[in-house]
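Below is one structure, written out as structure tokens, with a few remarks after it.
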Amino acid sequence: MTGEELLDAAYELQNTDEALAHYEAWAATYNDEVDGKHRYAQPRRCASALAECLDPAGAEVLDVGCGTGLSGLALAAAGFSTLDGCDLSPAMLKQAERTGTYRRLFEANLNEGIDVPDGTYDAATAVGVLSFGHVRTDALREMLRVLRPEGVRVVGLTDHYWADGAVPAELDAIEADGQGRVVMREHGEHLPGAGIQGWVIAVVKDPTSS
């Protein structure tokens, strides 16, 4: 596939197996196509949002679905220095390792949970991870589980997935259940070079939530 075909196909994946095969094949050229050609804005936007909500000094952050490490590089540029990353694709993780940004990298299928104890991190980010065929919306609760009380979770997603309604509904349910509160909903660029807009959402975990 060409770069444009790989990008288009990413929004048509139907299940975890398709997602794994797709990103394994895309890993070597992902950065050039998504960031170099289409100027991927969400890593920077999400890192900036997290820095507004949480002092970077000493914060332990899990970069969920870290891919090739573009989000980790953006977090480092925003002042975060203690970063772990997880991803479905081993090939993507190899690319992320080359950035030298992460303390630890490990495989994770978010639809099956993250193999991390409760309350391990101060923050979690998920940049471009929530999408059709990639990760179900209940992963939003799983990301809260690994946070300490008053930890911050930031996600970046496309207009297309936001318009489906599942994410806004899950965010409302999380607030209603007392698990966390939405402190930021910001619309803006996702992949400006491809004309794709998106949302950045920040949620603070309830201080009494386990």
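Ranked for footprinting exposure by Cβ neighbours inside 10 Å, fewest first, Arg153, Arg148, Arg44 give Arg148, Arg44, Arg153.
Panel order for Cys66, Cys46, Cys86, by other beta carbons found within 10 Å of each beta carbon, from fewest to most: Cys86, Cys46, Cys66.
When Phe80, Phe106 are ordered from fewest to most other Cβ atoms inside 10 Å of their Cβ, what list results?
Working: Phe80 26, Phe106 15.
Starting with the residue having the fewest Cβ neighbours, the order is Phe106, Phe80.
With a/c under 1.5 counting as rounded, go ahead and sort the stretch 3-205 into rounded, prolate or oblate using the C-alpha gyration tensor (a ≥ b ≥ c being the square roots of the eigenvalues; past the cut-off, prolate if a/b is larger than b/c, else oblate). The shape class here is rounded. If Lys and Arg each add +1 and Asp and Glu each add -1, what is the summed charge of the other residues whose beta carbon sits under 11 Å from the beta carbon of Thr137? Net charge in that neighbourhood comes out at -2.
Every number in this text was worked out from the coordinates using simple rules, so none of it is lab data. Since we're looking at a predicted model, the values are computed, not measured. Every residue, glycine among them, receives a Cβ derived from its backbone with ideal geometry; neighbour counts consider all protein chains shown.
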